[in-house]
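Everything below concerns the one structure shown next.
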Amino acid sequence: LAHEEHPNLHLLAGVAHERRVVTHGSGLDHLIQASHHYERCLALAGQRFATEVMDGATSWQAATRLGTVRLQARDLERARDAFTRALEDRPGLREAELGLAETCLEAGDAEAALTRLEPLLADPGPDAWLLAARAARKLGSLADARLFAERARDARNADRFLAPHRDGALAALERELERLERGPEAPPAAETCVFAWPCYEKAEDLDALM
């Protein structure tokens with residue numbers, strides 16, 4: 001049966017909004033719009049359409065993308081829910097596993113993040129090494145943070161991040177580690193906001209704008 005609303009269009013629109021956030025360096029409005037499109041994808045699960053639905057457009061792919069934009073907006077509880085849903089649809093999905101680890105990290109649980117990241121470090125790609133470096137930094141292990149950041153940079157030179165916002169996170173971490181290496185004269189390191197737009201400390205701050 002033909003249907004006016006199609007998940008493929010919502011998925012592509014959501015991705016377009018995500019890309020605008022990365023290319024423009026800001027954009028809570030784009031995160032809200034992307035979240036809306038991915039939520040519509042999931043709401044259309046089980047319906048029939050005249051044209052073929054892209055793989056995962058109403059399940060794991062939409063849920064992973066939804067978790068990613070919620071994470072960037074610091075809507076951490078709902079980000080965790082979305083990544084968990086993606087893993088229920090496709091167990092072992094690397095991008096969702098990384099998303100859960102990053103959610104733990106943003107929630108302040110660096111140890112839980114490292115536990116989730118450990119089995120992912122054997123795979124190629126810079127994402128897991130970056131998140132491990134950030135976790136080590138939060139735990140005060142600067143030597144490990146430097147080592148993991150170097151591994152992340154080497155992997156990034158060979159491959160892209162699965163989540164583009166992590167490019168900025170790696171650059172920010174490298175700058176912070178360089179300041180620390182300069183010694184006592186360097187200003188005290190503050191917690192770095194890894195996203196390019198204002199950080200919203202609570203999910204309610206995001207909800208108030210929707």
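General observations
- Nitroxide proxy distance, nm - points 7 Å out along Cα→Cβ at Asn8 and Ile32: 3.0
- Shape call, the range 16-58: gyration tensor on alpha carbons, a/c limit 1.5: prolate
- Heavy-atom accessible surface of Asp29, to the nearest 10 Å², is about 120 Å², with a 1.4 Å probe and all protein chains retained.
- Across the range 164-175, rounded Karplus estimates of 3J(HN,Hα) from the backbone phi angles (6.51 cos²θ - 1.76 cosθ + 1.60, θ = phi - 60°) give x, 5, 6, 4, x, 5, 5, 4, 5, 5, 4, 5 Hz, Gly and Pro being marked x.
- Two-site label geometry, Leu142 and Glu178: point separation in nm, points 7 Å out along Cα→Cβ: 1.6
- Leu12 accessible area, assembled protein chains, probe 1.4 Å, Å²: 100
- Per residue, the accessible area of the range 116-177 comes to 46 Å² when a 1.4 Å probe rolls over the protein heavy atoms.
- Rg/Rg_globular for the range 1-118, with Rg_globular taken as 2.2 N^0.38 Å and Rg from C-alpha atoms: 1.08
- Comparing Cα centroids, the range 38-52 and the range 69-112 end up 23 angstrom apart.
The values are calculated or read from the model by the stated rules, or taken from the named source; none is laboratory data. None of the values given here were measured: they were computed from a predicted structure. No Cβ is skipped: glycine too gets one built from the backbone with ideal geometry, and neighbour counts run over all protein chains shown. Keep in mind that these areas ignore ligands, DNA and RNA; they rest on the heavy atoms of the full protein, side chains included. Shrake-Rupley method; radii C 1.70, N 1.55, O 1.52, S 1.80 Å.
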